[in-house]
Amino acid sequence: MSTKDPATEAEFTRKMVLGILGTLEQKGLLSKEEVDGIIRAARQQAQPRSPRPLGGPAGPGTVWVRPGQVHEPVDRSTPVAIPNVQRSPELVKAEAALPVIDLDLG
């Protein structure tokens, strides 16, 4: 068993890897872009991952079940009524006769 501090071990490993990458770059075995790509990938892997969303887009009537939750099937024996959503033609109102006012201005 090792009694070394994990933080010290991590720092030593980081410096050793950076030294190896620097040497490979100086020798021309890796380009600057390749070294930067390796360092960027290592940083991404070191970050804690965010929790994944439970689900994606779903169709109408989808019932989501969480992990560990018991699935209860939906009762589909009742017929589904589809509403009539078509527009009915608007009724044309019979125009009422406008009142006529007869004025004699003479």
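Here, each number is a calculation from the coordinates, and none is a lab measurement. Everything numeric here is computed off the predicted structure, so don't read it as measured data. Quick reminder, even Gly has a Cβ in these numbers, built from the backbone with ideal geometry, and neighbours come from all protein chains shown.
Hey, what angle do you get for helix 32-46 against the long axis of the chain, alpha-carbon based, 0 to 90 degrees rounded to 10? Between the helix axis and the principal axis of the chain, the angle is about 70 degrees.
If you run the Gaussian network model on the chain, springs between alpha carbon atoms under 10 Å, then out of 51, 79, 67 the most flexible one is 79. In the elastic network of the chain, a GNM with C-alpha springs shorter than 10 Å, the most mobile of 65, 85, 35 is 85. Put simply, the amide H of residue 30, placed in the peptide plane, has neighbours under 5 Å in 25, leaving out anything fewer than 5 places away on its chain. Under a model in which nothing but the beta-carbon of Lys, Arg (+1) and Asp, Glu (-1) is charged, the chain shows a dipole of about 940 debye around its Cα centre. Placing pseudo-labels 7 Å out from each Cα toward the beta carbon at residue 98 and residue 24 gives an inter-label distance of 9.1 nm. If you take Rg/Rh (Cα atoms, Kirkwood Rh) from the coordinates, which of (i) 1.84; (ii) 1.58; (iii) 1.36 do you get? Read-out from the structure maps to (ii). Residue-wise HN-Hα couplings along the range 11-20, as the Karplus relation 6.51 cos²θ - 1.76 cosθ + 1.60 with θ = phi - 60° gives them from phi, are 5, 4, 5, 4, 5, 5, 5, 4, x, 5 Hz; Gly and Pro carry x.
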